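*Asks:* This is the structure, below, for whatever I ask next.
Bear in mind that the values in this text are calculations on the coordinates, not laboratory data. What you are looking at is a predicted structure, and each value in this text was computed from that prediction instead of being measured. Ideal geometry is used to build each Cβ from the backbone, glycine not excepted, and the neighbour counts take in all protein chains shown.
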Amino acid sequence: MSGAQHVPESETPDTRERILDIALDLFTTQGYETTSLREIAEQLGFSKAAIYYHFKSKDDILIALHMRLHALGGDTLRNMDPATMTLDGWAGLIYELIEQLRTNRILFTLHERNRAAFEKLHDEAHAGEHQDLETLFRTALNNDAVPVADRVRVSCAFGAVLMGSMITGDSFADVAPDEMTAMLRDVVRDILYPPTAP
């Protein structure tokens, strides 16, 4: 009698995500360079071999965490129709991105605290992902049906959100996530819908 083949817990898809979650915490708190695969394995309760089943190296773990950042807003951008984007549509997309940033703030902290490690890594799939998202964004910004002034505002609003979330690093670490979200939304609203002169 044949039954379902038993898959060791260390080889399940959930384990891959657990590895990434533990690595995210360790890389953020103590740094990528000083964190070993052994430490990650110990927190999992597995051997290093279990990690190698899912990732070829520690660099591969870092790339996978970086791709989590790419996923933020990626599905939204891919599902939009560049030809029909309006200013209100852009506002909704940017507000959705802000919410995703709020719930994934640790990813931005990871990138800021390990910037040198990320700069050393290069991956063709990663580069292709960058290019695909940038192409979608630029195609939408080239929609002549939206006034050029609005498209400039959209570009500046995106820049403000990304600068406020990524480049600033720990500068606003003492600001509560909900408060930061509200302030970013206010900035976006001010850029996209400036008050008319009296």
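*Asks:* Using a basic spin-label model with each label point 7 Å from the Cα along Cα→Cβ, how many nm lie between LEU133 and ILE106?
*Replies:* The modelled label-to-label distance comes out at 2.0 nm.
*Asks:* A further question on this structure: Give the distance, in whole Å, between the Cα centre of region 170-197 and the Cα centre of region 50-72.
*Replies:* If you average the Cα positions of each part, the centres end up 32 Å apart.
*Asks:* Please compute the net charge surrounding TYR32, taking Lys and Arg as +1 and Asp and Glu as -1 over other residues with Cβ under 13 Å from its Cβ.
*Replies:* Net of charged neighbours comes to -3.
*Asks:* Using a simple spin-label model with points 7 Å from Cα along the Cα→Cβ vector, what separation in nm is obtained for GLU119 and VAL187?
*Replies:* Roughly 2.3 nm, to one decimal.
*Asks:* Right, something else. Using label points projected 7 Å from each Cα along Cα→Cβ, tell me how many nm separate ALA49 and ASP21, to one decimal.
*Replies:* If labels sit at ALA49 and ASP21, their model points lie 2.5 nm apart.
*Asks:* Let me ask another. For region 85-101, list residues with backbone N below 17 Å from a point placed 7 Å from the Cα of ALA149 toward its Cβ?
*Replies:* 87-88
*Asks:* Filter the trypsin sites (Lys or Arg not before Pro) in region 43-124 down to the DSSP loop ones having no more than 13 other Cβ atoms within 10 Å, then list what survives.
*Replies:* Sparse-neighbourhood loop trypsin sites (Lys or Arg not before Pro): LYS56.
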